[in-house]
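The values are calculated or read from the model by the stated rules, or taken from the named source; none is laboratory data. Model, not experiment: these values are computed from the prediction. When we count neighbours, we look across all protein chains shown, and the Cβ atoms used for this are built from the backbone with ideal geometry, even at glycine. Ligands, DNA and RNA are stripped out before the accessible areas are found, and what is left, the full protein with its side chains, is counted by its heavy atoms. Shrake-Rupley method; radii C 1.70, N 1.55, O 1.52, S 1.80 Å.
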Amino acid sequence: MKIQYKNKLQKMVMVGVFAAVMAVLSQISIPLPTGVPITLQTFAVALCGYVLGFSMGGLSLAVYLALGAVGLPVFAGFSGGVGAFLGVTGGFLWGFFLMSLLCGLGARQGRKWLALLLGLSGLVLCDLCGAIQFAVLMSTSLPQAILLVCLPYLVKDIISVVLGYAAAQVILYSLKKSKLVSAV
């Protein structure tokens, strides 16, 4: 469903709200020995992309990442700062931005299967970015990194993308019904 916002202020508010949603859902975190926690971040990324679309979803993730880069504790485990981008989970942070773009691209296609395919492609790209950085920092092979920091999360992450899409449809329907946005 393509949507149109009434004005620029409404767009800015939506970007800010979803950056905040991303920050809140990042704090639901279960630490693991690998240093890569189980979080609701993939759900939040998919939700941002599917609700806001390509450009606004990407902007929302850019705001979230910028807030974390300047030191606000918005990343998993109330962490923040430039060091988070350079640690074992840093590749996933970069990947979140790319994932939001692909979810956003899929959101406006009008076909559920295509939206989910693009979202899952974004998930693969996100996991690849995370595994590469993990492999480099931990001096391990890429296949071993994938086994350690991607595969254990795969089922949860796939479910997160699907639920993110479903939740986005409910949110968009509610926004349209309340006349806060209009469908194009």
Checklist entry - Per residue Cα convex hull volume for the range 30-184, in cubic angstrom? => result 103
Item to check | Relative contact order (%) - the chain, alpha-carbon pairs under 8 angstrom, separation at least six | outcome: 27
Item to check | Length-normalised contact order for the range 1-92 - Cα pairs under 8 Å, 6+ apart - percent | outcome: 27
Item to check | Rounded accessible area per residue of the chain, 1.4 Å, Å² | outcome: 49
Checklist outcome for this item: Scan of the chain for trypsin sites (Lys or Arg not before Pro) in DSSP loops with at most 15 other beta-carbon atoms within 10 Å gives a longest site-free stretch of 7-107
Checklist entry - Leaving out ligands, DNA and RNA, what percent of the accessible area of the range 7-128 is carbon and sulfur, probe 1.4 Å? => result 78
